Amino acid sequence: MAEPLVPSTGWGVLHLFCKATATVDREAVVAAVKAGQEGDHQVVPFSVLGHKADLGFLAIGPDLWLLRHLQSALQGAGLEVAHSYVSLTEVSEYAKGMPEERLRPRLYPQLPPEGKPAFCFYPMSKRRDVAGNWFTLPYDEREKLMHEHGASGRKFAGRVLQLITGSTGIDDFEWGVTLFAVHPDDLKEVVYTMRFDEASAIYAEFGPFFAGMVGDLADVLSSAGIG
Ligand code: 76R
């Protein structure tokens, strides 16, 4: 394999949303996931509801080549990649002052979180319109709005875990938002609640939403009819 390509801080993140083709080979999918979990690399399988995909994989780890090998192995096993998102773990510039033990899980998360099987993913950006441009706000104002955002997020402590991964210059939006929740309605409630925070109400733009369930690989495969 090529020399590893590793971010200077954090890990690479690849969300793959797949459809099962008629020729899908269950054992080859299982082998692909196993190979994708080498060393510090993790692969979180999830089932997807609705027409956009049948199942998906959140792959995360230091080496971007290994992420690409996982993608190729899943494609070779007969999964069609219907949608994807590429990003890197990061610490938000508004969270840099947090203690080390809170920063580490942002850069090097251990996934999936326990007891939070309800899953959703969507990409988002902050608006850059003439009438409302997040990037022309002074830092202090952005920090104030992100504090408001953090405060409303903390009301969901224990119910929702956010994984915010940065994709400016890498994919079509600025962040990937991955949410893990106890109940599916926790996902709806947290996103609805945040719509009223100025940082989202005025400045947030969203891409397509994907929702489903995190589970054991065997359960995810059988839910997609891959038996
Ligand atoms: O990391 C921290 O806990 C510090 C506070 C915090 C930051 C800096 C925080 C807390 N978030 C931060 C950054 Mn968040 N978050 C989203 C969404 O749907 C929407 O309107 C937005 C999608 C949700 C649902 C959510 C939930 N957050 C960010 C950033 C990066 C901004 C930047 O760097 O410029 C984005 C794009 C973003 C989006 N946020 C929380 C939550 C929740 C539940 C919390 C509380 C976390 C906790 O208690 O651990």
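FYI, it's all coordinate maths here, none of it is from the lab. Predicted, not measured: the structure shown is a model, and the values here were computed from it. For neighbour counting, all protein chains shown are included, and Cβ atoms are generated from backbone atoms with ideal geometry for every residue, glycine included.
For the stretch 75-130, which positions are hydrophobic (A, V, I, L, M, F, W, C), within 14 Å of the chain's Cα centre (by Cα) and more than 21 Å from Gly61 (Cβ to Cβ)?
Ala118, Cys120, Met124
Kindly check whether there is at least one residue in the stretch 201-215 that is over 23 Å from Pro112 (Cα atoms), out of contact with any strand residue (DSSP E or B) (no Cβ under 7 Å at 6 or more places or on another chain) and within 9 Å of the ligand (Cβ to nearest atom).
Within the stretch 201-215, one or more residues are over 23 Å from Pro112 (Cα atoms), out of contact with any strand residue (DSSP E or B) (no Cβ under 7 Å at 6 or more places or on another chain) and within 9 Å of the ligand (Cβ to nearest atom).
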